[in-house]
Amino acid sequence: MSESEPILSFQNVSRQYDAQAVPAVNDVSLEVREGEVLALIGESGSGKTTLLRLAAGLEFPDVGRVLIGGKMMADAAHPRAEIPPERRRLGLVFQDGALFPHLNASKNVAYGLKKQNRSEKADRVAECFELVDLKGKENRFPHELSGGERQRLALARALAPQPRLILLDEPFSHLDPALRRKLREEIRSILSALGQTALMVTHDPEDALAISSRVAILNEGRVLQTGSPTEVYREPVDQYCAERFGPANGVRDPESGELCWKRPEDARWISCEIADEGCMVTVESVRSMGHIWEVRVAPDGYENESWLCFLKEGARIQPGERGRVAWRGNPNPVAWKS
């Protein structure tokens, strides 16, 4: 496989279930390159889990092809040539870990090591326990581990056979926020240190932005946008893509009339006595959020619309007050009043 060859490639893939009126995956072409973590994000029913199942060999495409490592895994035109899941050299981590409850931690990790002798298997298991920081817990059963430890054990089991691709299906969804954040950082560090290629499905924007090197946004079975976490957050192509990652304000360019999307934290409040920059607004509401003020304003020229702004100086702003809102990154010069 050449250096430029993707590890995973979907080529014009479609998949439709009998009970659905529209395809779950609709003409998707998408690649995962070596060493990258690609996060699939979208609403329920957007097609992200179906794509993961197609990669795993748990679903077969109605149209198109799936390649792993440059080799054909599934081709709708040749269904008998499909490569089964166990021959695809994949590691899978599910929402609940899907650990074997009757096996201790060590035997769970060793389960996929079929070709090694006893000594090689023991060495690899020990290496994986060290990698996920579970050393000393080899003899514990899954029910004796915490939620975070069970997910780290599931990752160790997936990594043990040294797969070319890891598939992560909502790996943090059953964890409380604090543990979720901690485990997310740990798994990101592990995948990065190994240079491990991974495809992750998530509905959580923080998971997608924090752990991935690239994000693909899906809706109704189609890929709407791909890009780095910064690109999809800062430069969404439409309202749906913008709102996958939290509140966004539709702002029209005064010259072209083109609509772009601005984040509340990028808003700047400007008193009318200071400058002529930005758009005139009327303050609708002001609410303290502890470390920040949530200020909602009605911009002039935007009928029945409002903008949400996160401002540090909100304590000085009152409902009904007139002022201006400008956005960070706006190249227009400030017209200071004399």
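Only the coordinates and a few stated rules stand behind these numbers; no lab work does. Model, not experiment: these values are computed from the prediction. Ideal geometry is used to build each Cβ from the backbone, glycine not excepted, and the neighbour counts take in all protein chains shown.
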- prompt: Can you give the charge dipole size of the stretch 8-243 about its Cα centre, rounded to the nearest 20 debye, using +1 on the beta carbon of Lys and Arg and -1 on the beta carbon of Asp and Glu?
  reply: 1080 debye
message: Just to check I understand the Karplus step: with θ = phi - 60° and J = 6.51 cos²θ - 1.76 cosθ + 1.60, what whole-Hz values come out for the stretch 77-94, glycine and proline as x?
response: 7, 9, x, 6, 8, 4, 8, x, x, 5, 10, 9, 6, 10, x, 10, 10, 9
- request: Could you list, in their original order, any pairs among Lys71/Lys107; Lys48/Lys121; Lys48/Lys71 whose Cα atoms are separated by more than 25 Å?
  value: Lys71/Lys107; Lys48/Lys121
- prompt: What shape does the stretch 160-223 take by its C-alpha gyration tensor, where a ≥ b ≥ c are the square roots of the eigenvalues and a/c under 1.5 counts as rounded, a/b above b/c as prolate, and the rest as oblate?
  reply: oblate
field: Ratio Rg/Rh [Cα only; Rh per Kirkwood] for the stretch 10-115
entry: 1.00
field: the chain: relative contact order as a whole-number percent, Cα under 8 Å and 6+ apart
entry: 16 percent
- request: Work out Dmax and Rg for the stretch 191-338 from the C-alpha atoms and quote the Rg first, both in angstrom.
  value: 17.9, 59
Distance cut-off 38 Å, percentage of C-alpha pairs in the chain lying past it: 32 percent
- request: Starting from the Cα of Lys115, draw a straight line to each of the aspartates and glutamates and keep only those under 16 Å, dropping any in the same chain fewer than 8 residues away.
  value: Glu86, Asp123
- prompt: Based on the alpha carbon coordinates of the stretch 252-327, what radius of gyration and maximum Cα-Cα distance (Dmax) apply, in Å?
  reply: 12.0, 38
task: Take every Cα-Cα distance within the stretch 152-272, group them into 10 Å bins from 0 onward, and report for each bin the whole-number percent of pairs it holds.
output: 11, 36, 30, 15, 7, 2, 0
- line: In the stretch 104-151, the trypsin sites (Lys or Arg not before Pro) that sit in a DSSP loop and have at most 12 other Cβ atoms within 10 Å of their own Cβ are Lys114, Lys115, Lys135
Burial ordering of Ile187, Ile83, Ile270, Ile7, fewest other beta-carbon atoms within 10 Å first: Ile83, Ile270, Ile7, Ile187
- line: Final fewest-first order of Glu82, Glu313 on the 10 Å Cβ neighbour count is Glu313, Glu82
